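Asks: Below you will find the structure I want to go over with you.
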């Protein structure tokens, strides 16, 4: 009888330990969302990334405060304007601009952000959108273009009086480079979104390149992110069109 009681006790303990182990398992990381399905950025623990949420909430607060005439939407390349204050102020300061760029963002992340408060409280005269390079490693050109299209459609729906300056995804990497070919396909597709009324497509990629099509570290030190010279090229390239759109 004692043996049976001991076995029962051990079995109960084993069952309890198993339940405890299941309870302490880290949450499974959500499956990646398609490029045109809104989703927050997730961390390795399967929870929304804390830094992403913090940045998003700061942008929501900026929007609620109002007074934004031009909003820049994108990933780390857009966020990098934060380190180029002199160029930013000289080129865009007169437009009451806001920089809503977050490093590592993909199309689905930007789509989620603008669906969750980043446009509440503002009706910008113009929105400058450049996104998609972080999708290039895992998504097809068709998928990336669908993601960008979804963002443009939501911008048009949410703030129909805002003119959208849709930039081609910038070139990246050394040559030859299959990613460049993929991004060219993306750009060829999203160029069709230009309707001459609300959406205006502009490809300034060639301005970052040498005559032979190569990138230099002077413009893109890591062949992806811009130097101060690269940001000046960007500012100069979109300046005339942006001035036209904010009239």
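Values in this text are rule-based calculations from the coordinates and carry no lab data. Owing to the predicted nature of the structure, the values given are computational and were not obtained by experimental measurement. We place every Cβ from the backbone using ideal geometry, glycine too, and count neighbours over all the protein chains shown.
Asks: Report for the chain the percent antiparallel among DSSP-assigned beta bridges with both residues inside it, nearest 5.
Replies: On the way: 1 of 19 bridges.
Close to 5 percent.
Asks: Using 1/(1 + (r/R0)^6) with R0 = 30 angstrom and r between the beta carbons of residue 76 and residue 158, what's the FRET efficiency to the nearest 0.05?
Replies: Working: r = 24 Å, r/R0 = 0.80.
Between residue 76 and residue 158 the formula returns 0.80.
Asks: Turning to a different aspect of this structure: What full-extension length gain, to one decimal in nm, is calculated for residue 120 and residue 244 as 0.36 nm per residue of separation minus the Cα-Cα distance? Don't jump to the answer; show the numbers that get you there.
Replies: On the way: separation 124, 0.36 × 124 = 44.64 nm, distance 2.45 nm.
Additional length available on full extension: 42.2 nm.
Asks: Taking Cα centroids, how far is region 110-178 from region 193-213 in Å?
Replies: Between the Cα centres of region 110-178 and region 193-213 lies a distance of 14 Å.
Asks: Counting pairs of alpha carbon atoms under 8 Å apart in space and at least six apart in sequence, what relative contact order in percent does region 174-247 give?
Replies: Working: 41 pairs, mean separation 15.7, N = 74.
After rounding, I find 21 percent.
Asks: Roughly speaking, what is the stretch gain from residue 96 to residue 65, that is 0.36 nm per residue apart minus the C-alpha to C-alpha distance, in nm to one decimal?
Replies: On the way: separation 31, 0.36 × 31 = 11.16 nm, distance 1.23 nm.
Difference between extended and current length: 9.9 nm.
Asks: For the chain, find the longest principal axis of its Cα atoms and tell me its angle to the long axis of helix 228-245, 0 to 90°, nearest 10.
Replies: 70 degrees
Asks: Further, regarding this structure: Multiplying the sequence separation of residue 223 and residue 51 by 0.36 nm and subtracting their Cα-Cα distance, what value in nm do you get? Walk me through the numbers on the way to the answer.
Replies: On the way: separation 172, 0.36 × 172 = 61.92 nm, distance 2.50 nm.
This chain segment gains 59.4 nm when fully extended.
Asks: For region 65-109, just say rounded, prolate or oblate: build the C-alpha gyration tensor, square-root its eigenvalues into a ≥ b ≥ c, call rounded for a/c under 1.5, and beyond that prolate if a/b exceeds b/c, oblate if not. Please report the intermediate quantities before stating the final value.
Replies: On the way: a/c = 2.95, a/b = 1.43, b/c = 2.07.
Oblate shape, in that a/c is at least 1.5 and b/c is the bigger or equal ratio.
Asks: For the chain, what are the per-bin percents of Cα-Cα distances with bins 5 Å wide, up to the bin holding the maximum?
Replies: Final binned percentages: 1, 6, 12, 16, 17, 15, 10, 5, 3, 2, 2, 2, 2, 2, 2, 1, 1, 0, 0.
Asks: Ok, one more. Under 8 Å for C-alpha pairs, at least 6 residues apart: give me the relative contact order for the chain, rounded to a whole percent.
Replies: Working: 388 pairs, mean separation 45.2, N = 247.
Once normalised by length, the contact order is 18 percent.
Asks: So how tilted is helix 2-23 from the main axis of the chain? Cα-based, degrees 0 to 90, rounded to 10.
Replies: For helix 2-23, the angle is close to 10 degrees.
Asks: Just to confirm my numbers, what's the Cα centroid distance between region 44-67 and region 216-230 in Å?
Replies: So the two Cα centres are separated by 27 Å.
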